[in-house]
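The values are calculated or read from the model by the stated rules, or taken from the named source; none is laboratory data. Since we're looking at a predicted model, the values are computed, not measured. FYI the Cβ positions are ideal-geometry reconstructions off the backbone, even for glycines, and counts take in every protein chain you see. The accessibility values were calculated without ligands, DNA or RNA, using every heavy atom of the protein model including side chains. Shrake-Rupley method; radii C 1.70, N 1.55, O 1.52, S 1.80 Å.
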Amino acid sequence: MTRILILLLTFSVFLSLTSCNENSQKPIDQKENLVQSNAFLKETNKGKTLMAIFAHPDDEIVISPILSKYQKEGVRIHLVIVTDGSNGVTPHANIPAGELLAKTRAEEALCVTKTLGINPPIFFKYTDGDLALKENINSLDEKIDSLFTSYKPNVVISFGPGGQYGHPDHRIVSNVVTEVFQRETSESLQNLLYYAYPKEISNKDISFKTNLVQWLNDNLKRTQKRFLTYRIPYNSEDLQLGHDASDCHKSQYTPDAIDDLLTIVSQTDSVLYFRPWNGSNEIKNNIFE
């Protein structure tokens, strides 16, 4: 009997040690799995094409961290700017509306793409604020259609129906991009994503340095997080490069304002949120899924 008890105790200790050893290995295995998953995504995304279409030079600021992220993964990135920004007069820069301001903002947009390491911007050069004209809406449809044919993007990003903070040009670009996408979507033109800011994040406890960005934060057209099913992670290097690129927009923002804008971006815990144009219940962390 004693011999049997000794054997049972020995077997029990063996099982306990084996179990502890297996549990101690789980965090390592999970970490290794995460590294392998990220490496797989990088290899999978390489050679794909992302097109971001916005109304003005500087609209890309809010997604700049993931432009950095996907550029490092070998994704071809095209930034399309629909208007010339010629009416974006600011007190600190004191550049009058018109040709000089349009030229300045085009140079700033080129600075952004160089800093991020992506393709030079594509300019449509519509007059800032005139997109609502019927002839402009019709021709914009044709130009975006032509872009999709020429560049064959896999994923397109723009603002959603709210136009970030309700800007008419933002809303028109979103509307026309959606119209063309739903007409021309194909096996290669896979997805249209709307950048959005979660309603659940108010930023009410942040003391912004500038009244401009305080106003922008207060007027953001937020979206409930449950609709924002594309949740794209980025790292601190991507956020810093996004900040460096955004610093190019000197005609539009003071250094304090850029700090404030990137503070808003960073409140979502190193994740940017997007809504697929036709909705989805499945959470995803890669725009090419």
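Brief remarks on what is shown
- Listed by position, the helices (runs of 4 or more DSSP H) inside the range 152-254 whose residues that are over 16 Å from Phe54 (Cα atoms) number at least 3 are 168-184, 211-218, 236-246.
- In the range 258-289, the residue that is nearest to Arg222 (Cα to Cα) out of those that are charged (D, E, K, R) and part of a loop (DSSP other than H, G, I, E, B) is Asp269.
- Residue match in the range 76-83 (condition: under 26 Å from Ala196 (Cβ atoms), open to solvent by 30 Å² or more (accessible area, probe 1.4 Å) and modelled with pLDDT of 95 or more): yes
- Test: residue in the range 197-210 that is modelled with pLDDT of 95 or more, acidic (Asp, Glu) and crowded, with 16+ Cβ neighbours inside 10 Å: no
- Selection status of Leu140, among the aliphatic types (A, V, I, L, M), over 23 Å from Ala245 (Cβ atoms), assigned to a loop (DSSP other than H, G, I, E, B) and open to solvent by less than 60 Å² (accessible area, probe 1.4 Å): no
- Unmet requirement for Ser207, which otherwise passes all of (1) in contact with a Ser or Thr (Cβ under 8 Å, 6 or more places away or on another chain); (2) farther than 19 Å from Ile287 by Cβ: (1)
- The range 162-174 - residue that is in contact (Cβ under 8 Å) with a residue 40 or more places away in the chain and of a type outside the set (Gly, Ala, Ser) and, of those, surrounded by the most Cβ atoms within 10 Å (Cβ to Cβ): Val173
Quick grid of which residues meet (1) of a type in the set (Lys, Arg); (2) under 30 Å from His92 (Cβ atoms); (3) surrounded by 20 or more Cβ atoms within 10 Å (Cβ to Cβ):
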{"residue": "Phe159", "(1), (2), (3)": "no, yes, yes"}
{"residue": "Val176", "(1), (2), (3)": "no, no, yes"}
{"residue": "Phe181", "(1), (2), (3)": "no, no, yes"}
{"residue": "Lys225", "(1), (2), (3)": "yes, no, no"}
{"residue": "Asn235", "(1), (2), (3)": "no, no, no"}
